[in-house]
Amino acid sequence: MPNREALHKLIDTMPEDALESAERVLKTYQTWPPRLPIGVEELHRRVDDLLKRRGEEWAGHNRTGYVTAHMGGGSFKPDGDGMASAVTMDGQDLVNFEIRIFCGHRLELEERLHLSEDKKSLVYTQQIKGPQEKEGRYEVAFKVAEGLPPAERG
């Protein structure tokens, strides 16, 4: 079982470039047990609030009129196109919710990842809601080895 001394040794051997990331991880463990992830409805509300808040900040900074649908993920394009997103857990599902604005049109995307009941497939689902309440859904299952192997690149 790990102890503080073993963890200190690991930190002492880490590359300098990895220290910032390690510090962020360790800071999240200062609160125990960890906070539960927000629910999907709350995730949707927070992303929408972020979209509106960033739009207000941008409009105030540029002294232009404010349109709630104009936002960017931390920065604005001059034409107002942009996005906001957030991630949470919903039971065993990893959920990403994103709002995109393109040419003044709003798209809402909800992506989910989970293992199938038999643990033999990774299931990806995407639901899209666009202008005039048009919706689409896409799902694909990827065969995977049982268990939870470390992520591989490529």
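The values are calculated or read from the model by the stated rules, or taken from the named source; none is laboratory data. Just so it is clear, the model here is predicted, and its values are computed rather than measured. Every residue, glycine among them, receives a Cβ derived from its backbone with ideal geometry; neighbour counts consider all protein chains shown.
Restricting segment 98-107 to residues that are assigned to a strand (DSSP E or B) and not aliphatic (A, V, I, L, M), the residue that is surrounded by the most Cβ atoms within 10 Å (Cβ to Cβ) is Arg100.
Let's see how each residue does on (1) at pLDDT below 90; (2) surrounded by fewer than 16 Cβ atoms within 10 Å (Cβ to Cβ); (3) of a type in the set (Asp, Glu); (4) within 19 Å of the chain's Cα centre (by Cα):
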| residue | (1), (2), (3), (4) |
| --- | --- |
| Pro78 | yes, yes, no, no |
| Met83 | yes, no, no, yes |
| Gly91 | yes, yes, no, yes |
| Asn96 | yes, no, no, yes |
| Leu109 | no, no, no, yes |
| Arg112 | no, no, no, yes |
| Glu135 | no, yes, yes, no |
| Phe142 | no, yes, no, no |
| Glu152 | yes, yes, yes, no |
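Can you tell me which residue in segment 91-126 is nearest to Ala141 (Cα to Cα), limited to those that are in contact with a Leu (Cβ under 6 Å, 6 or more places away or on another chain) and not aliphatic (A, V, I, L, M)? Result: Tyr124. Residues in segment 1-44 that are modelled with pLDDT of 80 or more and either of a type in the set (A, V, I, L, M, F, W, C) or in a loop (DSSP other than H, G, I, E, B) (or both): 14 in all. Restricting attention to segment 108-145, the residues being in a loop (DSSP other than H, G, I, E, B) and touching a residue at least 24 places away in the same chain (Cβ under 8 Å) number 5.
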